[in-house]
Amino acid sequence: MNVIEDGEEKAKEKLLNSFDYLLSHNGSGHLEVNTKILKRGQKEIIIQCSRSHRFVVDMKEEEGGK
């Protein structure tokens with residue numbers, strides 16, 4: 001993995017930037033997002049688009065499981 005970062009906003013920004021990159025790219029591309037629940041109420045998010053970017057975010061407890 002190339003990058004390890006914390007923060008939900010950074011993960012969202014990287015996802016949108018990766019999508020924009022694929023749209024502007026002159027060839028085909030691949031974008032993949034994987035999530036995994038970690039201990040201590042955290043979630044690991046891995047965004048793969050030519051590189052892997054790993055983010056750890058705190059999970060929010062919401063009513064209704066949404």
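Taken together, the values in this text are just the output of simple stated rules run on the coordinates, not laboratory data. Worth saying up front: this structure is predicted, and the values here are computed from it rather than measured. No Cβ is skipped: glycine too gets one built from the backbone with ideal geometry, and neighbour counts run over all protein chains shown.
Any idea what the dipole of region 3-60 comes to, in debye rounded to 20, about its Cα centre with Lys/Arg Cβ at +1 and Asp/Glu Cβ at -1?
Details: 10 positive and 9 negative charges, 53 e Å.
I would put it at about 260 debye.
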Report summary line: A chain fully extended from His30 to Glu13 at 0.36 nm per residue, minus the present Cα-Cα distance, gains in nm 4.4 nm
